[in-house]
Amino acid sequence: METKLYVIDKEEPDIRILAEAADVLKQGGLVAFPTETVYGLGANGLDPGAVAGIFAAKGRPSDNPLILHIAEPHEVEKLAREIPANARALMERYWPGPLTVVLERTRAVPDAVTAGLDTVAIRLPDSLVARTLISLAGVPVAAPSANTSGRPSPTTAQAVMTDLAGKVEIVIDAGPCGIGVESTVIDCTTPVPTLLRPGGVTLEMLMDTLGEVEVDPALAQGSAIPRSPGMKYTHYAPAAPMTLFEGPAEACEAGIVQAVSQALAEGRRTGAVVSAETAKQLPQSAVIAVYGSRLRPEEAAANLYSALRRFDADAVDIIFAEGLPEQGLGLAVMNRLRKAAGYHIVRCA
Ligand code: AMP
Ligand code: MG
């Protein structure tokens, strides 16, 4: 199939384009569209055949459930059997926005969406393009990130095209995504809500509303069995092996400078994904992707995936990455970096 690529204005989207895309969704087809987090690969979330198309296009394992995206808060009532008070409080405060809430599901939700779980993940995105598309489709839209499974998520339409051209009917291009990492996933079916995936709504923001939040142990380790099925897969990974340096900034910087210099001396084509501060200290013969200042994790979030994708275009043999403090969006960035590195971590002191 020939993929149609439509450029659209983020603030004043052309309704005719979105209506055409909504028709594709209604007919069971696939549309990639921007959200404030990353680009999503959408299908009618009530149509098991359409949802199967998502898994096929991405090469996604069928036991990894999808998030249903809605356009109005009341739509959650049809999808969730019960909405606990803490979930309601989160939705009122952070919807529309980068927060996905896991609730007990109703029979309206197909097994294909939840991978057979009796819970469902639901989000109301802030992006006007996304919300208008979902409204016009008139159904909840199942949408994982619009990348080939295992690859870094796409934050531009060009990245979507690299992975999915020929596999989806329409790609809507509204420029780069503002947040740059996927939504926060919180399970509200446990007595104390459990953070399954850190994202745009930070742990600090969740605590501010809930007072108490459990953090899925798999987030820290990568070893325990994750409660969010998707968290067990290698993810966000560039093609070359990557090592992540964690610890105090100066120690990490020194460690990376040394590792990069050594790899270059061994004749390897060497990539580095680092802060602007560290980039200044690196040999210029390295392929350097800067994610922003180490003092501003929101910059790192916005630039992370395009930085990781750059190494595929530039075909490096080995990559070194610099960690940053886990405050605010830093927690989500570190989660993605650890997974991209396959938990290959050097602790600097
Ligand atoms: P993606 O859409 O690619 O960003 O992935 C969606 C994430 O939400 C994955 O990590 C899924 O495992 C997680 N998820 C979706 N549905 C559920 C659910 N019912 N319970 C727990 N996690 C879920
Ligand atoms: Mg994904």
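Considering only the other residues whose Cβ falls under 12 Å of the Cβ of F311, what net charge follows from Lys and Arg at +1 and Asp and Glu at -1? Before the final figure, lay out each step's value.
On the way: positive: R151, R269, R309, R310; negative: D312, D314, D317.
Residues near F311 contribute +1 overall.
Post the alpha-carbon centroid distance, segment 92-143 to segment 276-307, in whole angstrom.
Distance between centres, Cα-based: 33 Å.
Would you pull out the residues with amide H under 5 Å of T270's amide H, same chain only if 5 or more places away, H placed 1.01 Å from N?
V287, D317
Note the angle between two axes, namely the Cα long axis of helix 249-265 and the longest principal axis of the Cα atoms of the chain, as a number of degrees from 0 to 90, rounded to the nearest 10.
Result, in degrees: 70.
Can you pull a Stokes-Einstein diffusion coefficient for the chain at 20 °C (1.002 mPa s), Rh from Kirkwood over Cα pairs, as a whole number of µm²/s? Kindly include the intermediate steps, with their values, before the conclusion.
Numbers: Rh = 20.4 Å.
Using the Kirkwood radius from Cα pairs, D works out to 105 µm²/s.
Taking a 1.4 Å probe, which of E92, E182, E253 shows the most accessible area, and what order do the others take after it? The partial results should precede the final answer.
Working: E92 150, E182 10, E253 40 Å².
Listed by decreasing accessible area, they come as E92, E253, E182.
Straight-line reach from K339: which lysines have Cα under 18 Å away, leaving out those fewer than 8 places along the same chain?
K232
For the chain, give the share of DSSP beta bridges that are antiparallel, in percent and rounded to the nearest 5; count only bridges with both residues there.
Values: 17 of 48 bridges.
So the antiparallel bridges amount to about 35 percent of the total.
If Lys and Arg each add +1 and Asp and Glu each add -1, what is the summed charge of the other residues whose beta carbon sits under 11 Å from the beta carbon of A108? The partial results should precede the final answer.
Numbers: positive: K78, R81, R105, R107; negative: E75, E77.
That works out to +2.
Could you calculate the contour length gain from E77 to E12, that is, 0.36 nm times the residue separation minus the distance between their Cα atoms, to one decimal place in nm? Can you show the working numbers first?
On the way: separation 65, 0.36 × 65 = 23.40 nm, distance 2.95 nm.
Value of the extension gain: 20.4 nm.
Could you list which residues have their amide H under 5 Å from that of L5, counting only those 5 or more apart in sequence or on another chain, with H placed in the peptide plane?
Amide H to amide H, under 5 Å and 5 or more residues apart or across chains, L5 pairs with V171.
Which of the aspartates and glutamates could a cross-linker bridge to K26, judged by Cα under 14 Å and excluding same-chain residues fewer than eight apart?
D47, E169
Based on Cα coordinates alone, diagonalise the gyration tensor for segment 1-148, multiply each eigenvalue by 5, take square roots, and list the semi-axes in whole Å, largest first.
On the way: eigenvalues 106, 71, 32 Å².
With the √(5λ) rule applied to segment 1-148, the semi-axes are 23, 19, 13 Å.
Which far-off residues, 5 or more places away or on another chain, put their amide H under 5 Å from the one on V215, with H placed in the peptide plane?
L195
Return the FRET efficiency for the residue pair T3, E250: r is the Cβ-Cβ distance, R0 is 41 Å, and the value is rounded to the nearest 0.05.
Numbers: r = 47 Å, r/R0 = 1.14.
It comes out at approximately 0.30.
The values are calculated or read from the model by the stated rules, or taken from the named source; none is laboratory data. What you see is a predicted model; the values in this text were computed from it and never measured. Neighbour counts are summed over all protein chains in view; Cβ atoms, including those assigned to glycine, are modelled from backbone coordinates with ideal geometry. These area figures cover heavy atoms from the full protein model, side chains too; ligands, DNA and RNA do not enter into them. Shrake-Rupley method; radii C 1.70, N 1.55, O 1.52, S 1.80 Å.
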